[in-house]
Amino acid sequence: MKDVIYQELETPTKGTKVGILMYVGEGDPIKNLNEAVDRYTQNDEYREFIDANMDNPWVRVIVKGINNIEQVEFNPEQQYQ
């Protein structure tokens with residue numbers, strides 16, 4: 001889709017990817033991004049993160065393979081980058 005650009009990051013966990021899709025066109029960003037998400041995920045299991053207030057409907061963050069990530073307890077005293 002010419003009005004949607006994306007970046008994809010592969011995590012160290014095999015099969016886990018983060019895709020960031022951004023709408024840069026003049027039409028309806030929600031409709032166009034919904035279609036782009038469908039094409040990007042191709043019926044694979046995914047999680048989608050959208051701005052909670054929808055004040056920025058032009059960006060979607062998609063995480064594929066999130067169930068492959070090892071879960072560990074959050075340590076508030078540890079420094080995270």
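With θ taken as phi - 60° and the Karplus curve 6.51 cos²θ - 1.76 cosθ + 1.60 applied, the whole-hertz 3J(HN,Hα) list for region 6-15 is 8, 10, 10, 10, 9, 8, x, 7, 4, x Hz, x standing for glycine and proline.
Only helices enter this figure: runs of n ≥ 4 DSSP H residues, each worth -39500 (n - 2.57), summed and divided by the residues of the chain, yield -5000 deg cm²/dmol at 222 nm to the nearest 500.
Mind checking the full-extension length gain between Val24 and Ile50? Use 0.36 nm per residue of separation minus the Cα-Cα distance, one decimal, nm. Could you put the intermediate results ahead of the total?
Details: separation 26, 0.36 × 26 = 9.36 nm, distance 1.63 nm.
That works out to 7.7 nm of additional length.
A simple count of charges around Lys31, restricted to other residues whose Cβ falls under 12 Å of its Cβ and scoring Lys, Arg +1 and Asp, Glu -1, yields -4. Here's the list of lysines a cross-link from Lys31 could span, going by alpha-carbon distance under 16 Å and ignoring same-chain residues fewer than 8 apart: Lys2. Summing Cβ point charges (Lys, Arg +1; Asp, Glu -1) relative to the Cα centre of the chain gives a dipole of roughly 240 debye.
Rounded to whole numbers, the Karplus 3J(HN,Hα) couplings from phi for region 40-49 are 5, 7, 6, 6, 6, 5, 8, 10, 10, 10 Hz, using 6.51 cos²θ - 1.76 cosθ + 1.60 with θ = phi - 60°, and x at Gly and Pro.
FYI, it's all coordinate maths here, none of it is from the lab. Just so you know, these numbers come straight off a predicted model, no measurement behind them. No Cβ is skipped: glycine too gets one built from the backbone with ideal geometry, and neighbour counts run over all protein chains shown.
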